[in-house]
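Following: one structure in structure tokens, then a few remarks.
The values are calculated or read from the model by the stated rules, or taken from the named source; none is laboratory data. Just so you know, these numbers come straight off a predicted model, no measurement behind them. All Cβ positions, glycine included, derive from the backbone under ideal geometry; neighbour counts span all protein chains shown.
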Number of protein chains: 4
Amino acid sequence: MNSITALLYGADRPGIVAKVAGWIHERGSNVLHADQHLDRQENVFFQRIEWESSLNSNTREEGMAFQEMVQTELGMTVRIGYDDDRPKIGVMVSKADHCLHDISLRVRSGEWNAELAGVLSNHRDLQNISESYHLPFHYFNLSPESRELEEANQIEWIQEQKIELLILARYMQILSKDFLEKAGCPVINIHHSFLPSFAGAKPYHQAYTRGVKLIGATAHYVTEDLDEGPIVGQDVTRVSHRHGPKDLIEKGRDLEKIVLSTAVRRHLQNRVLVYQNKTVVFD
Amino acid sequence: MNSITALLYGADRPGIVAKVAGWIHERGSNVLHADQHLDRQENVFFQRIEWESSLNSNTREEGMAFQEMVQTELGMTVRIGYDDDRPKIGVMVSKADHCLHDISLRVRSGEWNAELAGVLSNHRDLQNISESYHLPFHYFNLSPESRELEEANQIEWIQEQKIELLILARYMQILSKDFLEKAGCPVINIHHSFLPSFAGAKPYHQAYTRGVKLIGATAHYVTEDLDEGPIVGQDVTRVSHRHGPKDLIEKGRDLEKIVLSTAVRRHLQNRVLVYQNKTVVFD
Amino acid sequence: MNSITALLYGADRPGIVAKVAGWIHERGSNVLHADQHLDRQENVFFQRIEWESSLNSNTREEGMAFQEMVQTELGMTVRIGYDDDRPKIGVMVSKADHCLHDISLRVRSGEWNAELAGVLSNHRDLQNISESYHLPFHYFNLSPESRELEEANQIEWIQEQKIELLILARYMQILSKDFLEKAGCPVINIHHSFLPSFAGAKPYHQAYTRGVKLIGATAHYVTEDLDEGPIVGQDVTRVSHRHGPKDLIEKGRDLEKIVLSTAVRRHLQNRVLVYQNKTVVFD
Amino acid sequence: MNSITALLYGADRPGIVAKVAGWIHERGSNVLHADQHLDRQENVFFQRIEWESSLNSNTREEGMAFQEMVQTELGMTVRIGYDDDRPKIGVMVSKADHCLHDISLRVRSGEWNAELAGVLSNHRDLQNISESYHLPFHYFNLSPESRELEEANQIEWIQEQKIELLILARYMQILSKDFLEKAGCPVINIHHSFLPSFAGAKPYHQAYTRGVKLIGATAHYVTEDLDEGPIVGQDVTRVSHRHGPKDLIEKGRDLEKIVLSTAVRRHLQNRVLVYQNKTVVFD
């Protein structure tokens, strides 16, 4: 038996919960999980609901019917996922390899329900590692002259492959508004600081200079405003005067892996709703 | 406008969510929060649902009608709370004062919707502190000879005061099965270790001897099995070889305050369901 | 037998450790703890050393002789503390009471070796609380007209009382460079964010708007640059979309208490050296 | 220029610090770090001291001369390390692969100054993974009949390879007292619980049954008493009623990797002293 997950949000009005649960029950399906949030300041209602489709139902038809109902009868935005979805992921990297290893091992171990379609990079450093995981590796020369052409090639690959999620696994290039629009799928980035502290370049050096006692990492959806996108997850670890920039970088690697993979897991399990540059995470 | 919170659990069956939400909607009331959990191993369904009673409804009548419906139509166990409840709390202490201060200050600051009815103790040490918060202090001489009589006096006070929650704020006496039954209200204890490690006496000394690198505190409902009741909350803090037993005790005090007060808050906000000696905490 | 603690720093050169330890040993005294740090980028050496003065020694004379030796023979900066020091602390508050309670209870319980000399405030709200701890309360009317005069009165009190540490326990006024110079003692502030994130006013509202997943608190020495002084301690706690600004403020209170009191403890135990707007904390 | 690290401990007596620092200074060498601990209950002194050998010195001769001095003149136990040491590590595994990946990647990235000599296992499951890191894989059939012979083969490999550290990376076999003696090197194990909670088999299932709110992992030196050896590091992560045993196992994997690798790093950097079944960790 398959399960369907819906993420919905929109203006609050009486009876949403009853309507949604009633619709599922009437079809003979059964709610497994439901979590909701009401932003009383904005009067916006959010829900994640997961249900087991009844035996004689076609799951995808049921999901589409639900989506139709929510949009027309409740006027809400909705996204549907199925437990046998295996979205295709593209990974963008530069030179640091720790997040690429971490992601590849999690997919290989079956921890995530997803398929790694390939690795895009502006450097050749991680080609061997990518291939050791049997991941197609695509190099793009992002020099000022070739950038426009190469970004078009990247977009072409993303569209051909029908990529549903891009992960920036320590990709040290800025994605333009135009690129994001054409890519047309969510993009998750790991920033190696506790945002909004130390946005921009060399955050561990900034942290060292300021003398903070904790360093952090932040996973966020990428928007055209660098380091300003909706935060999906954050964590910190303790440091002291004994840690120089090199130690912070090393300590930070473990943090980046955990924070990025936690954010990707939440996304893949349809737990994240974006709203007014913030996230609602039903975890 | 007042809100009602219901905590319900029982054997899972199709349509519970629809039934509950439908009932509330039909009365013109509006769901504010709903959180649920399905234990698929045991096939037990748990829900916390909070709703705003419609304008023309008597809140307590609506709560009782809901309870009636859930029990008769769904065959589930249910507990109802109202946002203007101010349950009476009894605090039991021995000699350590930090948790008593913490609890008293939280109640006084309005952080909790509750009333401290008084302090019961087997020592006179905290009488002045209790009275500085205008809390009636009751001393009970729990010597072997007087114990039976004094426990009866404690029970009498608990019943007369209509105490709805007992907090053992570092109370160093064991409550008998008989006492717990007669008290007839939930009892939350703070144990100064990360249970099940270091149950019993002198947990910080045990922790020191074992050389652990983290010490913990555990808040749990009290059952007749000492230190074995359902856990409501736990936390830990880092220690090193530099910390002797005295340092662990001092570090532990801050931990005990936070863990105990977090557990009490969860209880007072009707976020905790007990089930098979475990808790479901909707937080 | 009494112990002496020295905090020293200066340009590194061979033999400092041998010189310091040798001097103590030759006097028949015995090292209890020693911790050191070498900033290899700046070539600066830091040490905290604590020793038991030999039986026939006058502790304060020994401390002064040590100071003399370190300054003249090693050319280093040094600060000396004695285990029977009881520095006088002044607390500055506005309206929030939680840090004042926390500080007062720690001093009263003997957790800190210090004396609270009194409470200074620009509001009368906490007068009763101060007096319940038998702390003299001094109100200063910091209106634009009276500010200059009142600050002079504050300085006078600080100097008369021989205050050795000022704690800004949620004091919502900026201390001028002139004030800091005249006060002539270290000043520790608690900022209710994870600096450098959300410096300035209303950090919990800023955190809410940005949608961070952790909130923090930072204790730092006060300098003329607001929120830019050397950080003594920081900590964070997890939040979610369910927490509005009011919830963040409430969660933050517990964090602020712990972070501020940890920083004060470190300072009182002579564990903090300030250097290039950063701290070395030997904890 | 090379550095030498010494770990020493023994009965405390006046002048140890002066003697040690003086000896180093007299040879023209320079102390980089020194950290010490005095267990006042047991009157035992511990020190970790790291120094830069002077230009014209042979580092290993200097280390041996230091060792000789400490043993004969101070009567203390001492262990010496050199910054160009590259100890050979043997990894023992069963079927779980996450710790093996983590260890292999850290060694390959140069994070640790060590060499992986090979992988020993009682199952063939991880042979391919081992070989993908170019690590020799040795299978041993530990059936009741062949156990004695195979353990002798394991010991032979350990001795031939001159293994200096054995890591039990989720190795599900008990090492006998006899094996440990013959192996003759330290052995670090990762136990998948917060010891002493849930010693023995299936700790995540035990944790689930008890309903704890945090799960942990513990790295410890292996002694003949299963799960009772000196603890090198521990950490925990938050769980809730939503996590079944399978989720705890998955969450635990990340914890196990971090706790085990942190312990190995501390060991390799000569930061751990064992004493009375506890550790002093100079970190």
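For this structure, a couple of remarks:
- Lone unmet requirement of (1) touching a Ser or Thr at 6+ places or on another chain (Cβ under 9 Å); (2) within 11 Å of chain B (Cβ to nearest Cβ); (3) more than 30 Å from residue A:276 (Cβ to Cβ); (4) among the charged types (D, E, K, R) for residue A:50: (3)
- Within region D:116-141, tally of residues that are out of contact with any His (no Cβ under 9 Å at 6 or more places or on another chain), in a loop (DSSP other than H, G, I, E, B) and crowded, with 17+ Cβ neighbours inside 10 Å: 4
- Pairs, first within 8 Å of another protein chain (Cβ to nearest Cβ) and within 30 Å of residue B:259 (Cβ to Cβ) in region C:225-238, second polar (S, T, N, Q) and outside any strand (DSSP E or B), C-beta under 6 Å, six or more apart: C:233/C:262
- Criterion: over 24 Å from residue C:235 (Cα atoms), in the same structural domain as residue A:161 (by TED's automatic domain parsing) and part of a strand (DSSP E or B) - qualifying residue of A:180, A:273: A:273
- Strands (runs of 3 or more DSSP E) contained in region A:44-97 and holding at least 1 residues of a type in the set (Gly, Ala, Ser) and at pLDDT below 95: none
- Region C:1-43, subset part of a strand (DSSP E or B) and of a type in the set (Gly, Ala, Ser), residue nearest to the other protein chains (Cβ to nearest Cβ): C:34
- Flag if residue A:229 is of a type outside the set (A, V, I, L, M, F, W, C), assigned by TED's automatic domain parsing to the domain that holds residue A:102, in contact with a Phe, Trp or Tyr (Cβ under 8 Å, 6 or more places away or on another chain) and buried (at least 18 other Cβ atoms within 10 Å of the Cβ): yes
- The residues on offer are D:208, D:204, and the sole one that is hydroxyl-bearing (Ser, Thr, Tyr), within 9 Å of chain B (Cβ to nearest Cβ) and in a helix (DSSP H, G or I) is D:208.
- In this structure, residue A:40 does satisfy being farther than 30 Å from residue A:252 by Cα and either without any contact (Cβ under 8 Å) to a residue 24 or more places away in the chain or among the β-branched types (Val, Ile, Thr) (or both).
- The listed residue being not acidic (Asp, Glu) and not in a loop (DSSP other than H, G, I, E, B), out of D:174, D:190: D:190
- Residues in region B:239-274 that are in contact with a Gly (Cβ under 6 Å, 6 or more places away or on another chain) and either aliphatic (A, V, I, L, M) or within 14 Å of chain D (Cβ to nearest Cβ) (or both): B:259, B:262, B:263.
- Screening B:147, B:124, B:108 for residues that are within 14 Å of another protein chain (Cβ to nearest Cβ) and of a type in the set (Lys, Arg) leaves exactly one candidate, B:108.
- Applying the condition of being small (Gly, Ala, Ser) and at the interface with chain B (Cβ under 9 Å from one of its Cβ atoms) to region D:211-224 and asking which residue is farthest from residue D:99 (Cα to Cα) yields D:211.
Results for (1) touching a Gly at 6+ places or on another chain (Cβ under 7 Å); (2) aliphatic (A, V, I, L, M); (3) surrounded by 14 or more Cβ atoms within 10 Å (Cβ to Cβ), shown as yes or no for each residue.
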position	(1), (2), (3)
C:87	no, no, yes
C:90	yes, no, yes
C:94	no, no, yes
C:147	no, no, yes
C:163	yes, yes, yes
C:169	no, yes, yes
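- Single unsatisfied condition, residue C:248 versus (1) in a strand (DSSP E or B); (2) under 24 Å from residue A:195 (Cβ atoms); (3) not aromatic (Phe, Trp, Tyr): (1)
- Out of A:55, A:74, one residue alone is loosely packed, with under 14 Cβ neighbours inside 10 Å and of a type in the set (A, V, I, L, M). It is A:55.
- Within region A:109-120, the presence of at least one residue that is polar (S, T, N, Q), on the phi < 0 side of the Ramachandran plot and at pLDDT below 95 is confirmed.
- Just one of the listed residues (D:109, D:104, D:3, D:57) is of a type in the set (Ser, Thr, Tyr) and in contact (Cβ under 8 Å) with a residue 40 or more places away in the chain, and it is D:3.
- Qualifying residue in region B:104-115 (condition: surrounded by 16 or more Cβ atoms within 10 Å (Cβ to Cβ), in a strand (DSSP E or B) and in the same structural domain as residue B:252 (by TED's automatic domain parsing)): no
- Restricting attention to region D:171-196, the residues that are surrounded by fewer than 24 Cβ atoms within 10 Å (Cβ to Cβ), without any contact (Cβ under 8 Å) to a residue 40 or more places away in the chain and either out of contact with any Asp or Glu (no Cβ under 7 Å at 6 or more places or on another chain) or on the phi > 0 side of the Ramachandran plot (or both) total 7.
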